[in-house]
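To start, the structure itself, in structure tokens.
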């Protein structure tokens with residue numbers, strides 16, 4: 001019907017805990033910067049990860065990307081790694097605080113070469129209903 | 001530039017099937033969506049237009065006008081219909097009514113009226129098949 005680029009989006013839930021803390025800052029500075037999120041015992045969120053895949057619509061399937069194949073990439077690269085875990089303990093967060101900004105970038109990097117079709121356009125991570133973060137790869 | 005979005009919902013049935021393939025191939029690629037008895041969704045159509053607010057009204061477009069255009073050009077034909085059987089874009093196996101193709105079809109139906117009105121331009125059409133699955137089209141030949 002059209003050779004123009006179209007986009008396919010998928011949202012999945014992910015529950016994890018984290019503590020926002022930067023080793024380069026003092027305890028007082030950490031408390032001042034991160035507030036409640038600096039609680040040493042951590043806390044958790046039901047995150048929503050939204051991926052947007054761009055590409056031409058395959059004329060045989062009508063799809064930019066097959067949902068089942070995209071789900072498989074999401075499952076193996078993101079959900080199995082982060083769901084029901086403590087994000088601070090993941091090696092990718094050894095040298096950076098697991099803020100949702102950083103989680104967003106990390107998820108983009110984990111997924112960008114794993115797309116079964118099309119190209120990863122954007123990763124959006126919603127930390128709560130009222131805040132979200134987006135990363136377009138640059 | 002202001003981007004203004006209006007949402008509307010429609011309910012429709014569809015199935016995914018490529019006539020050029022065997023039954024096994026269709027089932028392998030499309031899974032449960034290949035059930036030729038069809039299944040249905042509550043879709044959400046999200047239409048975004050871009051433009052500058054009118055200095056007199058403060059509107060990018062009149063939202064009531066946009067609602068009427070969406071109703072006339074898309075919802076009147078799509079709502080409570082079987083997409084494979086009742087829409088010219090998809091009938092007789094012409095095109096598979098995936099969410100991607102529904103977004104493109106809605107764009108093509110809206111483009112003339114929105115861009116022809118002389119103010120805002122159609123910027124994005126997004127179609128949610130479920131709250132977790134959506135496709136969008138931003139134009140292009």
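Residues of the range B:56-73 being under 15 Å from residue B:5 (Cβ atoms) and touching a strand residue (DSSP E or B) at 6+ places or on another chain (Cβ under 9 Å), which ones?
Result: B:59, B:60, B:61, B:63, B:66, B:67, B:69, B:70.
If you go through the range B:85-115, how many residues are farther than 12 Å from residue B:14 by Cα, at pLDDT 95 or above and more than 9 Å from every other protein chain (Cβ to nearest Cβ)?
9
I'm told residue B:21 meets every condition in (1) more than 23 Å from residue A:53 (Cα to Cα); (2) within 12 Å of another protein chain (Cβ to nearest Cβ); (3) free of Cβ contacts under 8 Å to residues at least 24 places away in the same chain; (4) exposed (fewer than 13 other Cβ atoms within 10 Å of the Cβ) except one. Can you identify the failing condition by its number?
Exception for residue B:21: condition (4).
Would you call residue B:71 away from chain A (no Cβ under 14 Å) and in contact (Cβ under 8 Å) with a residue 24 or more places away in the chain?
The answer is yes for residue B:71.
Among the numbered criteria (1) in contact (Cβ under 8 Å) with a residue 60 or more places away in the chain; (2) within 14 Å of chain B (Cβ to nearest Cβ), which one does residue A:16 miss?
All conditions pass for residue A:16, except number (2).
Quick one: in the range B:127-140, of everything that is within 8 Å of another protein chain (Cβ to nearest Cβ) and within 16 Å of residue A:54 (Cα to Cα), which residue is surrounded by the fewest Cβ atoms within 10 Å (Cβ to Cβ)?
Among residues in the range B:127-140 that are within 8 Å of another protein chain (Cβ to nearest Cβ) and within 16 Å of residue A:54 (Cα to Cα), the one surrounded by the fewest Cβ atoms within 10 Å (Cβ to Cβ) is B:140.
Does residue B:47 satisfy the criteria of being assigned to a helix (DSSP H, G or I) and surrounded by 18 or more Cβ atoms within 10 Å (Cβ to Cβ)?
Taking the combined requirement at face value, the residue does not satisfy it.
Residue by residue, here is whether (1) in contact with a strand residue (DSSP E or B) (Cβ under 9 Å, 6 or more places away or on another chain); (2) within 14 Å of chain B (Cβ to nearest Cβ); (3) in a helix (DSSP H, G or I) holds:
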residue	(1), (2), (3)
A:55	yes, yes, no
A:58	no, yes, no
A:63	yes, yes, no
A:70	yes, yes, yes
A:88	yes, no, yes
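Quick one: what pairs do we get from the range A:63-76, first residue in contact (Cβ under 8 Å) with a residue 60 or more places away in the chain, second assigned to a helix (DSSP H, G or I), C-beta under 9 Å, 6+ apart or different chains?
The qualifying pairs are A:74/A:111.
Which number in (1) outside any helix (DSSP H, G or I); (2) buried (at least 18 other Cβ atoms within 10 Å of the Cβ); (3) within 14 Å of another protein chain (Cβ to nearest Cβ) marks the one condition that residue A:116 misses?
Unmet condition: (2).
The values are calculated or read from the model by the stated rules, or taken from the named source; none is laboratory data. Given the structure is predicted, the values throughout are model-derived calculations rather than measurements. Neighbour counts are summed over all protein chains in view; Cβ atoms, including those assigned to glycine, are modelled from backbone coordinates with ideal geometry.
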